Structures are given as structure tokens and as C-alpha cells.
1. From 92, 81, 66, which residue is at pLDDT below 85 and either under 10 Å from the mean Cα position of the chain (by Cα) or within 23 Å of residue 24 (Cβ to Cβ) (or both)?
2. Looking at (1) crowded, with 18+ Cβ neighbours inside 10 Å; (2) in contact with a strand residue (DSSP E or B) (Cβ under 9 Å, 6 or more places away or on another chain); (3) in a helix (DSSP H, G or I); (4) modelled with pLDDT under 90, find the lone condition where residue 46 falls short.
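The values are calculated or read from the model by the stated rules, or taken from the named source; none is laboratory data. Computed from a predicted structure; not experimentally measured. All Cβ positions, glycine included, derive from the backbone under ideal geometry; neighbour counts span all protein chains shown.
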């Protein structure tokens, strides 16, 4: 059994240059969108898990996330991808009192001014 058939992925017979991939079974569609909501992978990672271009998982999410929200009766809210500043971190997680950052100082070789 191939990897594609295990996840319910098929290639249209009329597709050229690799064809258009689609998830045929309802179970495969449901599994994909639940995996996306649970793990929240980037579209690059999703395109590796399902052997498609990265634009295809994006379209799947745009379509099936609305279907999932209608079935659940509430909106699925995904976490932010990146927290750029420490103040943002403490705002998002007020229960955290201390934050330890680990860093290593390394000497950097710089060009010497020979004209001095």
C-alpha cells in the first residue's frame, strides 16, 4: 500500500506535470483538518506530510476549517506563530512571573585598523 493511498490522496488521471492532488474520502479530509488544528504545522510541513505543493494545504484549510467550525458550532482560534518581544510574551501569558533566557557569549573577530 502506498503512502498516498493510506492518507486517501489520489491524483487525477488528466493532471499533467504531476497532476492535481485531492483528498477523496471524508475521513481523510477530517483527519487533515483536525491534524492542522491540533499541530498547526506550516504549509511547508503539511506539503511534506501530504505530497502536494504548499498552496494545496492552504486551500484545504481555507475550505475545511469553515466546515469544521460550522460542525462544532464555534470558531476555531489558532495561536499566534511568533512572539517578537518579551513584553508581548508577558501580555499573552500573565501567569508567568519569571522568564529565563539562555545565551552564550562568543568572541567575534573584527578587522583591525592597521593605520593607528
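1. Working: 92 fails: either under 10 Å from the mean Cα position of the chain (by Cα) or within 23 Å of residue 24 (Cβ to Cβ) (or both); 66 fails: at pLDDT below 85.
Step by step, each of 92, 81, 66 is checked, and only 81 is at pLDDT below 85 and either under 10 Å from the mean Cα position of the chain (by Cα) or within 23 Å of residue 24 (Cβ to Cβ) (or both).
2. Every listed condition holds for residue 46 apart from (2).
For (1) surrounded by 15 or more Cβ atoms within 10 Å (Cβ to Cβ); (2) at negative phi, each residue gets a yes or a no:
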{"position": "22", "(1), (2)": "yes, yes"}
{"position": "63", "(1), (2)": "no, yes"}
{"position": "73", "(1), (2)": "no, no"}
{"position": "89", "(1), (2)": "no, yes"}
